[in-house]
Amino acid sequence: MSAAQAPQAVPAGGKGPEDGLAAFHRRSIEDREGFWAEQAALIDWHVPFERVLDDSRLPFTRWFVGGQTNLCHNAVDRHLAALGDRPALIWESTEVGQSRTLSFRELHREINRMAAVMRSFGVGRGDRVLVYMPMIAEAVVAMLACARIGAIHSVVFGGFASQSLASRIDDAQPRLIVSADAGSRNGKVIPYKPLLDEALELARHSPNAVLLVDRGLAPMIRVDRRDHDWAVQREKHLDAEVPITWLESNEVSYTLYTSGTTGKPKGVQRDVGGYAVALAASMKHIFCGNPGETYFSSSDIGWVVGHSYIVYGPLIAGMATIVYEGTPLRPDPGILWELVARHRVTVMFSAPTAIRVLKKQDPSWLKRHDISSLRALFLAGEPLDEPTARWIAEGLGCPVIDNYWQTETGWPILTLAHGIERTPTRYGSPGMPMYGYDVRLLHEQTGEEVGPGEKGVVAIVPPLPPGCMQTVWRDDERFLNTYFASIPGRQVYSTFDWGMRDGDGYWFILGRTDDVINVAGHRLGTREIEESLSSHAAVAECAVVGVADALKGQVAVAFAVLKDPSRIATDADRLALEGELMATVDRQLGAVARPSRVHFVTILPKTRSGKVLRRAIQALCERRDAGDLTTMEDAAALEQVRAALAGG
Ligand code: AMP
């Protein structure tokens, strides 16, 4: 972090200091109801709400009680009059060399057709629809069709494999699954259907129907009566008009699974009205996007950024959104900027890893396209290191805005809000608490607030603002026990991130307090990876840690104890087994979770109570001293870790 720039706040629109971000934030906490009632005017309500906030059962919070609205209406229908013929969804695939633009009117038509198809499969209000799809326009159509009819979508990232998918199918119990024959990454076809079939074999729950987009990329074996073709079904409902199902603000819009410290992912559950208001407000105050402009987020619909800032946020703001199937390097390292230039993108969103990948390329790629339309680049999902932030900000010549948040919150907790005040960037810091979030830094053991310059746990005093998770899907206990029980003596929401703030009010994120790791912006639970490795017959036990990596932020590194150490008598055996174990994780969880190395040891360092000393192992992997993290008994086990690392 650096204190290079002295913060000189300039209120947007030349207003006085009482109108700045600090005052805006203060009002959002001191007069929650007044503040959010004003923001609620940014969306359409079919029936006005009776109460802004019900915090009588904290930490469970209900926003805009009694109000009726709909995400699809706010994202699409309400723009038809003014923006009907303007682009809404721009699909660009450098993987298959195709692109397609749908106007708001065309998108509306497709959503109606799909809503009718879903209804024909018996999907109605409150039913779940699991979406397991590559980055294609149909995925967005499926999500919005669910929203239209009040069905709850649960999107599973296409990079996850059968076991991850099966556990989500069992938890969500979808009536319908929407998928495709295949995706493509780096020019390589990745079949989805076999993974889906395998997941359905593993899962206890069976959906009524599976709807499949056939892109002609990979052969599909169809299961009679269960599997249906998207195009054939669509043809049957070409003229369908499906009225909006108006939902009470606190009904469920979607669930999205995310990793924690146990092996079982949590279904983050989100509402309808609070989410729509939160996104509309963030598009105005933080992202500063205007109707008729184009927004480009290079994330994936399988992650929360994709939900909030590929699908719902930009469309609610009346912007066209780019759905990009491709990588930052193909066909050349200028592709992201070529898309910005071609579509006159004004607001862009990406992840630090993507920028670090580009930083390794010839810097002239940043200059080959006319990107003068771009007003700001937002980066999130993982820590943004200062050199990367500086490099891209200088290269683009526009503000680069780090923003810190989580699947659980749905929109930024810490960032800058240039729509309120043009607070200068401080490299290394994601900014300051956003309106609506009563963010505190608390001492891990005492629960007391820590002062500037001191490290504490980033916590949020309830009520959580609109847009944040309502609960864990069908598990209120888990919601309470996971998020609100870790700080002694206080019922506050823990982000499980360490943080610090400086004397000028800029905050810094210093890493996770738990066993969650972040690989290229992908959040993974080390326990899930350990469970997958342990399912291999040769493994007695194992430990997975996140290790700092210059490109991906972190990578997963595994240490395994074998049931029969003689299995790896030779180097060739060792390599073969390492490959087998990696393939096990690939097959069960997906390549994103694959450890970069699997080391073999005969004992793992543990506490007396049997807890694996992950932090000590991590320290050794990062060539730091593990001394004070361990006791004498662990010395031999740590020596093995050291030797395994030295052995390559
Ligand atoms: P996810 O729920 O997948 O979005 O992951 C959320 C986690 O990613 C946070 O709890 C942080 O650990 C990390 N994270 C997200 N954004 C940032 C950021 N801007 N700076 C540092 N860490 C971040």
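The values are calculated or read from the model by the stated rules, or taken from the named source; none is laboratory data. Keep in mind it's a predicted model, so treat the numbers as computed, not measured. Because the Cβ atoms are built from the backbone with ideal geometry, glycine has one as well, and the counts that use them run over all protein chains shown.
When only residues in region 344-365 that are within 16 Å of the ligand (Cβ to nearest atom) and not in a helix (DSSP H, G or I) count, which is surrounded by the most Cβ atoms within 10 Å (Cβ to Cβ)? Quick ask: steps written out before the conclusion?
The initial filter retains those residues of region 344-365 that are within 16 Å of the ligand (Cβ to nearest atom), namely 348-356.
Those left that are additionally not in a helix (DSSP H, G or I): 348-351.
Values: MET348: 27, PHE349: 25, SER350: 23, ALA351: 24.
Per the criteria, the residue is MET348.
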Are there any strands (runs of 3 or more DSSP E) wholly within region 51-169 with 3 or more residues that are in contact with a Leu (Cβ under 9 Å, 6 or more places away or on another chain) and not charged (D, E, K, R), and if so which?
60-65, 87-93, 98-103, 128-132, 152-155
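Any residue at all in region 449-458 that is assigned to a strand (DSSP E or B), within 12 Å of the ligand (Cβ to nearest atom), within 22 Å of the chain's Cα centre (by Cα) and more than 27 Å from GLU33 (Cα to Cα)? Walk me through it before giving the result.
Initially, region 449-458 is screened for residues assigned to a strand (DSSP E or B), giving 449, 456-458.
With within 12 Å of the ligand (Cβ to nearest atom) added as a condition, the list becomes 457-458.
Now drop any that are not within 22 Å of the chain's Cα centre (by Cα), which leaves 457-458.
Then drop every residue that is not more than 27 Å from GLU33 (Cα to Cα), which leaves 457.
Yes, that holds for at least one residue.
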Restricting to region 366-390, give me the number of residues that are of a type outside the set (S, T, N, Q), modelled with pLDDT of 95 or more, surrounded by fewer than 21 Cβ atoms within 10 Å (Cβ to Cβ) and away from the ligand (no atom under 16 Å from the Cβ).
5
Looking at (1) over 19 Å from HIS25 (Cα atoms); (2) within 16 Å of the ligand (Cβ to nearest atom); (3) of a type in the set (Val, Ile, Thr), can you tell me which one THR446 breaks?
(2)
Which of the numbered conditions does THR321 fail, given that it passes all the others? Conditions: (1) surrounded by 23 or more Cβ atoms within 10 Å (Cβ to Cβ); (2) hydroxyl-bearing (Ser, Thr, Tyr); (3) within 16 Å of the ligand (Cβ to nearest atom); (4) in contact (Cβ under 8 Å) with a residue 60 or more places away in the chain.
(3)
Failed condition for ASN518, given (1) under 24 Å from GLY159 (Cβ atoms); (2) modelled with pLDDT of 95 or more:
(2)
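Name the residues in region 374-384 that are assigned to a loop (DSSP other than H, G, I, E, B) and either under 19 Å from the mean Cα position of the chain (by Cα) or touching a residue at least 60 places away in the same chain (Cβ under 8 Å) (or both), would you?
The first filter runs over region 374-384 and keeps only residues assigned to a loop (DSSP other than H, G, I, E, B), leaving 374-375, 381-384.
ARG375, GLY381, GLU382, PRO383, LEU384 - these are the residues of region 374-384 that are assigned to a loop (DSSP other than H, G, I, E, B) and either under 19 Å from the mean Cα position of the chain (by Cα) or touching a residue at least 60 places away in the same chain (Cβ under 8 Å) (or both).
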Run GLY467 past the list (1) within 16 Å of the ligand (Cβ to nearest atom); (2) not in a loop (DSSP other than H, G, I, E, B) and report the number of the one that doesn't hold.
(2)
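What are the residues in region 530-546 that are of a type in the set (A, V, I, L, M, F, W, C) and within 21 Å of SER259 (Cα to Cα), if any? Give the steps one after another, and end with the answer.
Initially, region 530-546 is screened for residues of a type in the set (A, V, I, L, M, F, W, C), giving 533, 537-540, 542-545.
Answer for region 530-546, where residues must be of a type in the set (A, V, I, L, M, F, W, C) and within 21 Å of SER259 (Cα to Cα): LEU533, CYS542, ALA543, VAL544, VAL545.
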Mind counting the residues in region 485-522 that are in a loop (DSSP other than H, G, I, E, B) and touching a strand residue (DSSP E or B) at 6+ places or on another chain (Cβ under 8 Å)?
12
Where residues in region 396-407 are within 7 Å of the ligand (Cβ to nearest atom) and outside any loop (DSSP other than H, G, I, E, B), which of them is nearest to PRO265 (Cα to Cα)?
TYR404
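Is it fair to say LEU195 is within 29 Å of ALA276 (Cβ to Cβ), buried (at least 18 other Cβ atoms within 10 Å of the Cβ) and in contact with a helix residue (DSSP H, G or I) (Cβ under 9 Å, 6 or more places away or on another chain)?
Working: within 29 Å of ALA276 (Cβ to Cβ): no; buried (at least 18 other Cβ atoms within 10 Å of the Cβ): yes; in contact with a helix residue (DSSP H, G or I) (Cβ under 9 Å, 6 or more places away or on another chain): yes.
No: the conditions fail for LEU195.
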Exclusive hit being in a strand (DSSP E or B) and not hydroxyl-bearing (Ser, Thr, Tyr), set LEU315, LEU256:
LEU256
Kindly establish whether GLY410 is of a type outside the set (Val, Ile, Thr), in a loop (DSSP other than H, G, I, E, B) and at pLDDT below 95.
no
Of the residues in region 444-481, how many are within 21 Å of THR262 (Cα to Cα) and either in contact with a Leu (Cβ under 8 Å, 6 or more places away or on another chain) or at pLDDT 95 or above (or both)?
16
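Pull up region 494-517, narrow it to residues that are of a type in the set (S, T, N, Q) and buried (at least 19 other Cβ atoms within 10 Å of the Cβ), then point me to the one that is nearest to the ligand (Cβ to nearest atom).
Of region 494-517, the ones of a type in the set (S, T, N, Q) are 494-495, 513.
Now drop any that are not buried (at least 19 other Cβ atoms within 10 Å of the Cβ), which leaves 494-495.
Values: SER494: 10, THR495: 5 Å.
Looking at the filtered set, the residue picked out is THR495.
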Any chance THR607 is at pLDDT below 95, over 17 Å from ALA644 (Cα atoms) and among the hydroxyl-bearing types (Ser, Thr, Tyr):
yes
Tell me which of these GLU578 doesn't satisfy, since it passes every other one: (1) of a type in the set (D, E, K, R); (2) closer than 30 Å to GLY159 by Cα; (3) over 34 Å from the mean Cα position of the chain (by Cα).
(3)
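Could you check, for region 252-272, whether at least one of its residues is within 15 Å of the ligand (Cβ to nearest atom), touching a strand residue (DSSP E or B) at 6+ places or on another chain (Cβ under 9 Å) and farther than 30 Å from ARG125 by Cα?
Yes - at least one qualifying residue is present in region 252-272.
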Condition first: surrounded by 24 or more Cβ atoms within 10 Å (Cβ to Cβ), in contact with a Cys (Cβ under 8 Å, 6 or more places away or on another chain) and within 22 Å of ILE310 (Cβ to Cβ). Can you find one or more residues in region 235-256 that meet it?
yes
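Looking at ILE190, ILE177, can you tell me which residue is surrounded by fewer than 23 Cβ atoms within 10 Å (Cβ to Cβ), touching a Pro at 6+ places or on another chain (Cβ under 9 Å) and assigned to a strand (DSSP E or B)? If you could, list the steps in order and put the result at the bottom.
Numbers: ILE177 fails: surrounded by fewer than 23 Cβ atoms within 10 Å (Cβ to Cβ).
None of the other options fit; the residue is ILE190.
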Please go through (1) in contact (Cβ under 8 Å) with a residue 24 or more places away in the chain; (2) at negative phi for ALA231 and return the number of the only condition it doesn't satisfy.
(1)
Looking at VAL268, VAL210, which one is part of a strand (DSSP E or B), under 17 Å from SER162 (Cα atoms) and hydrophobic (A, V, I, L, M, F, W, C)?
VAL210
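How many residues are charged (D, E, K, R) and either in contact with a strand residue (DSSP E or B) (Cβ under 8 Å, 6 or more places away or on another chain) or at positive phi (or both) if we restrict to region 528-545? Talk me through it step by step, then tell me what you get.
At the first step, the residues of region 528-545 found to be charged (D, E, K, R) are 528, 530-531, 541.
If we keep only those that are either in contact with a strand residue (DSSP E or B) (Cβ under 8 Å, 6 or more places away or on another chain) or at positive phi (or both) too, we end up with 530, 541.
Adding up the residues that qualify gives 2.
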Among the numbered criteria (1) in contact (Cβ under 8 Å) with a residue 24 or more places away in the chain; (2) away from the ligand (no atom under 16 Å from the Cβ); (3) part of a helix (DSSP H, G or I); (4) of a type outside the set (D, E, K, R), which one does ALA393 miss?
(2)
